[in-house]
Amino acid sequence: MLFLSKMSSRSGLHPAKRWLLLLVVSVTAAACTGTKYLKEGESFYTGAKIDIRANGKISGQRDLKEELQTYITPEPNATFLGARPAVWFYFIAGEPRKKKGFRNFIKTKLGSPPVLLKDATPDQTAQALEGQLQNEGYFKSEVTFEVKTKRKKSHVVYHVALQRPYRIKSVNYVFLDTVHARLLDEIKEKSLIRENQRYSLELLRNEQERIEEIAQNEGFYYFDDRFLLFRADTTIGERMVELDLTIEPGMPPRAYQVYTVKEVVVFPSYELANDSLSRTGDTTRVGKYLYIDNLHDFRPHIITDVINITPDSIYKRVDHSYSISHLMGLNTFKFVNIKYRNLYSDSTQLRATVFLTPTLKNSLRLQLQGVSKSNNFVGPGMEFTFTNRNIFRGAEMFQLKLNGSYELQVRSKQTNPLNAIELSGEASLSVPRFLTPIKIQYRSAKYLPQTQFKLGYSFQQRLQYFTLNSSNIAAGYTWRETTLKTHELFPLDITYIKTSQQSEVFRNIIATNAALKNSFQNQFILGARYSFTINTQLSETIEAKYARKKVRGSNIYFNGSLDISGNLPRAIQSVRFDGAEGSYSFFGQAYSQYVRPVVDFRYYYDFNKRSKIASRITTGVGYAYGNSKFMPYIKQFSVGGSNSLRAFPARSVGPGTYNFLAINDTTFFIDQRGDIKLEANLEYRFDIYKAVKGGLFVDAGNIWVIKEDTLRPGGKFAFNRFYKQLAVGTGFGLRFDFSFFVLRFDLAFPIRKAYPVGNEDGANNEFRWAFRDIDFTSKFWRRNNLVFNIAIGYPF
């Protein structure tokens, strides 16, 4: 209000008019709160608080409070500056007469019904919280509630009288009879239950599921965790629990029997709408499998080779789940269903019937999209994709992708934007198996490997500078070791880069910069690459999921890659030419020789459903040697831009303390690249209103060169001072997250420059920090420091 008063005074408003304006604003804000629409005795529910009063010293209260908070419903209406705009929209829309139309849009899309105190049902919620405490081992704990109401706004305080938890003293597996006794060692060895562990109902349920999985993997097809019963004895004293695991009375006799799969029948062209017709066709015996098909779209062994369920074998649940995973991994079936039936009424032999419903073989997709790149190029784009999911009757997927985009890069000091046109095409063939000279067995793996072949071409034209043509051919493999771990190996990855149509301005730039000129020369990249990825945001086994719950809300992502080029042809040519010095060529063109390792590590922590911390640290080194003096342009590193250091223009930072913008402040071609990169990002993400999210972030990083560059002084990497040369920026962002599409706006400014500020020799490092220079009221400061980024998707 003081800010508004000062602004009004400067604008010359009469004091009376100023107060009238404030009154109008206040009345409008009050109306948006929605309180005037409430009936007598009603009040808005504004949320709940949990107050834990522990009986003695009890650890883990913070985690317990967070867990209990998840059981409190409903969520209160979202507020913005004290107002409830969604509720206001809901009421002013009235009752729409039609299911579609503007009024219905206002009520259902912009609006939301009021959440009142009566909707919170505090008495029922208190009982639910008390029940959850019993489930978590805090026996005899009690929960009461208190409602506090002020100006038609109510919030609830749940008071928890917390008792010390009961812990597990021992577990007796008394259910193991002579039939199941042989499972005892495996059950005990990997048990989730440990002595002195806090009693938890969820823990016991997970243990039951795990035992069911073990039993079913040993042929007990009809064994079910519902037949397992934990009996807890809490009378032994010292707040300890003794557990007996028994079998529910009345477990059917068939649950004691080991079953074998006698027959496996495959229907590769099954349609639910034509059930009887789908079950007819030519019957072929493929090994021990019965293959019944009337369309003959697939080579039979392609399907039977990936089915882990084999005739005349003991039923195993793992074979069932792996078979489904493999069949879905062929990427040609919409539905996969495996059903089991007894061959005879009292038999322990099963018939497994595999029903496969194919997806559409051919598809076309045309996608209009907004292009956003790390170098701040944005603009419209178009992608056309043709897919054939079974091109050679072996579940091979062929794809043809054509892309086109027109992009602009704008900086605050540019009088004209930098334009770019990009056209690209790629043909790829993915085969769901290893194609290698030596046969590799993968039936014991849950996921099918993929052999990939790629042929691509890219045309990029920077209208004011150059045209870059890139052709690529690659062949390699991708496979998942587990749900969380992925490998990618491309032993063949050949790229040819050709630069043409260089403008006079660009020729003048590279004429004085030998490193830049060499990186843009026409050349081959005769490479190979490997990458390894871990992503714990994906689910896995019962044991893994329960283990991750101990670190509530945390996940990691790791990617390590190695890219090498030119070593094999260099070695062959060195032998051929008796080790002659100098550069060798491939089809008359120079080729690059380098090694390039890169590491990307990310950590995510969810505070609750509405907020999280996301962090990333990435580093890479590119070292050119032998046949090359410099890394190729497309393999060099850069920082700055919408997915990197957002407080700095794209590719404008570094290398080292070199300040390109101080020398070429209005030059369009900002493309500082280096051989070494170090970057770290920290971002706090939170909900604002429905699809609108917010983010506060800090970015830091820089690039360096390995060899001294006289045209870029201060750019060489040195262990004793690289950490002093990190550029740091911070800012705030808005994200419109529609699940399938995220539009991001980030406003950032630097708080530490990578180069000396105010001290020519840079002896005093404190001059690099810019905290005392921050002045949002200064037009000069805003013009030289604020960087506005528009991007699609989250930065990491």
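Where a number appears in this text, it was derived from the coordinates with a stated rule and is not lab data. Note that the structure is a prediction, hence the values are computed from the model and not measured. Using ideal geometry, Cβ is built from the backbone for each residue, glycine included, and neighbour counts are taken over all protein chains shown.
In table form, for the structure just shown:
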quantity	calculated
Principal axis dimensions, the stretch 444-495 - Cα atoms, whole angstrom, descending	55, 20, 13
Amide proton proximity set for G47, modelled H, under 5 Å, gap of 5+	V156
Label-point gap, in nm, between T348 and F532 - each point 7 angstrom along Cα→Cβ	4.4 nm
Value of Rg/Rh across the stretch 599-655 [Cα atoms, Kirkwood radius]	1.14
Cα-based reach from K635 at 14 Å (exclusive), listing aspartates and glutamates while leaving out same-chain residues under 8 positions away	D493, D563, D671, D675
Under 17 Å from the Cα of K150 - lysines, other chains or at least 8 residues apart	K36, K39, K49, K118
Packing-based ranking, highest mean first, of 205-211, 605-611 given that Cβ atoms within 10 Å are counted	205-211, 605-611
Sites D244 and N104, calculated FRET efficiency, Cβ-Cβ separation with R0 56 Å, nearest 0.05	0.45
Spatial separation of Cα centroids for the stretch 61-104 and the stretch 224-259, in angstrom	44 Å
Assigned charges on the beta-carbon of Lys, Arg, Asp, Glu; the stretch 284-376 dipole about Cα centre (debye)	260 debye
Stokes-Einstein translational diffusion, the stretch 682-735 - Kirkwood Rh over all Cα pairs, 0.890 mPa s, 25 °C, in µm²/s	178 µm²/s
For L38, distant residues with modelled amide H under 5 Å away	none
Residues whose placed amide H lies under 5 Å from that of S554, excluding near-sequence neighbours	D606
Stretch gain in nm, segment Q134-D225, where the contour uses 0.36 nm per residue and the Cα spacing is subtracted	30.6 nm
Environment charge of E42, counting only residues whose C-beta is closer than 9 Å and scoring Lys/Arg +1, Asp/Glu -1	+2
Among beta bridges that DSSP assigns inside the stretch 37-174, antiparallel share in %, nearest 5	55 percent
Segments 49-57, 118-126 sorted - mean Cβ within 10 Å per residue, highest first	118-126, 49-57
Calculated P(r) tail over 15 Å for the stretch 81-153, as whole % of Cα pairs	68 percent
In order through the stretch 127-138: 3J(HN,Hα) via Karplus (6.51 cos²θ - 1.76 cosθ + 1.60), integer Hz, x for Gly, Pro	5, 5, 5, 5, x, 5, 4, 5, 5, 8, x, 8
Karplus 3J(HN,Hα) series, Hz, for the stretch 467-483 with 6.51 cos²θ - 1.76 cosθ + 1.60 (x for Gly, Pro)	10, 10, 10, 9, 10, 9, 9, 8, 8, x, 9, 10, 8, 9, 5, 9, 4
Residue pairs, from the table K612/K677; K188/K485; K288/K446; K190/K446, whose Cα atoms sit over 24 Å apart	K612/K677; K188/K485
Packing rank of 568-574, 94-100, 779-785, where each peptide gets the mean count of other beta carbons within 10 Å, highest leading	568-574, 779-785, 94-100
